[in-house]
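Notes follow once the structure below has been shown.
The values are calculated or read from the model by the stated rules, or taken from the named source; none is laboratory data. Note that this is a predicted model, so its numbers are computed, not measured. So basically every Cβ, Gly included, is an ideal-geometry build from the backbone, and we count neighbours across all protein chains shown.
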């Protein structure tokens, strides 16, 4: 089992603050931030920023694992891939007030926030985010670097392609397939399959032209 003492986070943003808070609640002893905006950005709320990505890699022996705390899906994936290629171990963080089935699978670098629910036989890929109060029901399959925003709800058997983002308060009907690089707008209600690379808005959700 991975030691949970020192965690390095790449991405000193508001989302990063929430990831740091979730990590401490989950039992990590300390959190340190890195961001390529350093040294202009020297702190993130309660935590200092100690350097950029190259500094994180150079200092990887000082912590037990890392996690990329960037909300943007493709950027999060690219930074995680760089860390993995450098041999940096990746953490998965689950807030203790989340409810994750013992039969769900969470990929490396995934974070599950407070109040989230992930039900039985669901698979979340690497570098995923299931954000505050979101629900992902049974038998869903989320590819790598998917972001399910706060309060969004995925019904059973939903498939979501890589780099897709389900917006705040959106709902997806059971059995729906959402493609790669899709943006589901805040509050949208998805009742039909969604092609790659489109933005869906409204109730019922329609492709934004």
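Within the range 37-76, which residues are out of contact with any strand residue (DSSP E or B) (no Cβ under 8 Å at 6 or more places or on another chain) and within 30 Å of residue 166 (Cβ to Cβ)?
Correct list: 45, 46, 72, 74, 75.
Of the residues that sit in the range 9-63 and are under 21 Å from the mean Cα position of the chain (by Cα) and on the phi > 0 side of the Ramachandran plot, which one is modelled with the lowest pLDDT?
If we take residues in the range 9-63 being under 21 Å from the mean Cα position of the chain (by Cα) and on the phi > 0 side of the Ramachandran plot, then 45 is modelled with the lowest pLDDT.
Identify all residues within the range 148-162 that are crowded, with 24+ Cβ neighbours inside 10 Å and more than 13 Å from residue 191 (Cα to Cα); write none if there are none.
148, 152, 160, listed by residue number.
For every residue, the table says whether it meets (1) assigned to a loop (DSSP other than H, G, I, E, B); (2) farther than 21 Å from residue 74 by Cα; (3) free of Cβ contacts under 8 Å to residues at least 60 places away in the same chain.
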| site | (1), (2), (3) |
| --- | --- |
| 109 | yes, no, yes |
| 120 | yes, yes, yes |
| 145 | yes, no, no |
| 156 | yes, yes, yes |
| 186 | yes, no, yes |
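Is it the case, given these coordinates, that residue 128 is out of contact with any helix residue (DSSP H, G or I) (no Cβ under 8 Å at 6 or more places or on another chain) and not assigned by TED's automatic domain parsing to the domain that holds residue 13?
It is true that residue 128 is out of contact with any helix residue (DSSP H, G or I) (no Cβ under 8 Å at 6 or more places or on another chain) and not assigned by TED's automatic domain parsing to the domain that holds residue 13.
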